[in-house]
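The values are calculated or read from the model by the stated rules, or taken from the named source; none is laboratory data. Not measured: the values here are computed from a predicted model. All Cβ positions, even for glycine, are placed from backbone atoms using ideal geometry, and neighbour counts span all protein chains on display. Areas reflect the complete protein model, heavy atoms only, side chains present, ligands, DNA and RNA absent. Shrake-Rupley method; radii C 1.70, N 1.55, O 1.52, S 1.80 Å.
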Amino acid sequence: MNEKKIEQKLRDEVKRRGGLALKFVSPGFVGVPDRILLMPDGNVGFVEVKAPDEVPRAIQVSVHKRLKRLGFKVFVLDNIESITHVIDEIERGDDE
């Protein structure tokens with residue numbers, strides 16, 4: 001399964017649950033996650049989508065840590081089996 005298919009399944013599941021999976025692009029700020037998930041009840045999380053067995057680049061890891069320090073949930077998703085878990089964690093809305 002490639003990254004594009006994983007990302008499509010993530011978007012479909014978020015939509016099914018009543019949320020938005022917006023493409024996150026921030027000109028001038030390198031390394032932001034691929035998607036920002038906006039879920040019902042104001043729950044927000046970030047998802048970096050990778051092909052199976054790929055890992056984030058160093059700049060991405062740095063940005064993920066920065067977002068986590070700000071209190072956001074950040075996930076790396078490299079398989080469709082983890083989509084439910086990622087969305088569930090974001091929907092919980094509390095600290096991990």
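Some values worked out for this structure:
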{"item": "Test result for LYS23, touching an Asp or Glu at 6+ places or on another chain (Cβ under 9 Å) and in contact (Cβ under 8 Å) with a residue 24 or more places away in the chain", "result": "no"}
{"item": "Candidate set from region 57-96 (those that are part of a loop (DSSP other than H, G, I, E, B) and surrounded by 12 or more Cβ atoms within 10 Å (Cβ to Cβ)); member that is modelled with the lowest pLDDT", "result": "GLY93"}
{"item": "Hits in region 1-29 (condition: open to solvent by less than 90 Å² (accessible area, probe 1.4 Å), part of a loop (DSSP other than H, G, I, E, B) and either of a type in the set (A, V, I, L, M, F, W, C) or farther than 16 Å from SER82 by Cβ (or both))", "result": "GLY18, GLY19, PHE24, SER26, GLY28, PHE29"}
{"item": "Top-ranked residue in region 30-56 [being in a loop (DSSP other than H, G, I, E, B), touching a residue at least 40 places away in the same chain (Cβ under 8 Å) and of a type in the set (D, E, K, R); ranked as surrounded by the most Cβ atoms within 10 Å (Cβ to Cβ)]", "result": "LYS50"}
{"item": "Considering residues of region 1-47 that are among the β-branched types (Val, Ile, Thr) and touching a Phe, Trp or Tyr at 6+ places or on another chain (Cβ under 6 Å) only, the residue farthest from SER62 (Cα to Cα)", "result": "ILE36"}
